[in-house]
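Presented below is the structure to which this report refers.
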Amino acid sequence: MDDPQIRRWQQQLAAAQARLAALGPMRPGSLSQQYRDPAAKTGAYWQLSYTHNMRSRSRYARPAELPHIKPLLANFKRFRLLVDRCVDLSVKIADRQTELRRAEQSLSCSSPELAGRADPVPIT
């Protein structure tokens with residue numbers, strides 16, 4: 001099947017996969033500044049919150065660690081976006097290939113008893 005749309009999606013998928021491979025170290029989660037006394041906004045500290053293996057966790061982060069943690073969190077967000085993009089493109093490609101196979105089969109279908117069926121041959 002030589003379809004220009006599939007080729008375009010495959011190129012986009014390859015580009016997204018290459019960007020995934022180029023990502024560096026990462027970690028899930030988010031940073032937030034908390035206060036020991038929220039009303040007076042005193043006693044500020046940083047909290048790293050994340051979920052891993054279906055468990056929610058929180059850790060204190062020292063201000064000196066923030067420059068190291070923030071890029072890891074940003075990489076993880078990029079990772080999630082790229083994985084979603086790869087899945088979307090893969091589904092589009094698979095759906096389009098199924099569409100084209102069905103169109104080919106309906107053109108080559110010569111049996112009158114199968115001609116009226118939407119899917120004359122199951123696709124495996």
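Bear in mind these aren't lab numbers, they're just calculated from the coordinates by the rules spelled out. Just so we're clear, the structure is a prediction, and the values are computed from it rather than from any experiment. Here Cβ is always computed from backbone atoms with ideal geometry, including for glycine, and neighbour counts include all displayed protein chains.
Some values worked out for this structure:
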| read-out | value |
| --- | --- |
| Label-point gap, in nm, between Q5 and M26 - each point 7 angstrom along Cα→Cβ | 2.9 |
| Two-site label geometry, S106 and K41: point separation in nm, points 7 Å out along Cα→Cβ | 6.3 |
| Computed helical MRE - 222 nm, the chain, DSSP H runs ≥ 4 contributing -39500 (n - 2.57), nearest 500 | -18500 deg cm²/dmol |
| 0 to 90° range, to nearest 10: angle between helix 4-22 axis and the chain longest Cα axis | 30 |
| Size of charge dipole - the chain - debye, nearest 20, with Cβ of Lys, Arg +1 and Asp, Glu -1, no other charges | 960 |
| Dipole-positive endmost among L100, S56, L13 within the chain (Cβ charges, Cα centre) | S56 |
| The range 25-107 - Rg (one decimal) and Dmax (whole number), Cα, Å | 21.8, 75 |
| Between the range 24-67 and the range 1-15, the Cα center-to-center distance that results, in Å | 41 |
| Between 0 and 90°, nearest 10: helix 66-108 axis offset from the chain longest Cα axis | 10 |
| Signed unit charges on C-beta, dipole axis of the range 25-107, positive-most listed residue N75, L31, Y45 | Y45 |
